[in-house]
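> Please find one structure pasted underneath; my questions will follow.
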Amino acid sequence: MKTRILLVMAFLSPLAGWAADPVPMDVKLGLWETTMTNQMDMSSMLPPEVLSKLTPEQRARMEAGMSGRGGARTSTTKHCITKDTINEALTSASRANREVNCTRTFATSTSTRQVVHMECTSGTMKTSGDIQVEVIDRETTKGSMVMTSGGGRGGNMKMEWTSKWLGADCGDVGQKKN
């Protein structure tokens, strides 16, 4: 669920903007397909005090088990991007921020490139990183997000994606079911 929220924020936030005067990205509205590679560094997910109590054999088994959960995963999804979905993404981001306090700062905001620095806090967990989105042309974008977490159960997450416009008609994609 958190990955989906991050994807929506990463793809839609530069379109709508989160700063006082961001420049909207110049892309077409309609059906988009995004291929994302998500990589998590699971090696730093356990606090050092927990790791220090494990025998070498236990630690090796734990690291082997966690290495299967990390690594790169690629997925492809379709999204219907409309003015309404952009507004809904901002509303969802506001709801998520009640549990996670995030500040966002635009380092760059043009119609073809957005760079946003984020710092988030949830309890003792602190996360910071950057989202970069580039418009290749009005029908193609690429982006990346690198986040580093700390506060006892740290970890690193890296996402890279490309998105392509499939057409103005979204069909059933993104439609609410009654």
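> Considering only the other residues whose Cβ falls under 14 Å of the Cβ of GLU160, what net charge follows from Lys and Arg at +1 and Asp and Glu at -1?
Details: positive: ARG73, LYS142, LYS158; negative: ASP130, GLU134.
Here the charged neighbours net out to +1.
> Could you order GLU57, GLU134 by accessible surface area, starting with the largest, using a probe radius of 1.4 Å? Before the final figure, lay out each step's value.
Numbers: GLU57 115, GLU134 65 Å².
The ordering from most to least exposed comes out as GLU57, GLU134.
> Net charge within 9 Å of ASN38 by Cβ-Cβ distance, Lys/Arg positive one each and Asp/Glu negative one each, not counting ASN38 itself? If you can, show how the numbers build up before the last one.
Numbers: positive: ARG73, LYS158; negative: GLU160.
Residues near ASN38 contribute +1 overall.
The values are calculated or read from the model by the stated rules, or taken from the named source; none is laboratory data. All values reported here derive from a predicted model rather than from experimental measurement. Here the Cβ is made from the backbone with ideal geometry for all residues, glycine too, and neighbour counts use every protein chain on show. We work out accessible area using only protein heavy atoms, side chains counted, and drop any ligands, DNA or RNA first. Shrake-Rupley method; radii C 1.70, N 1.55, O 1.52, S 1.80 Å.
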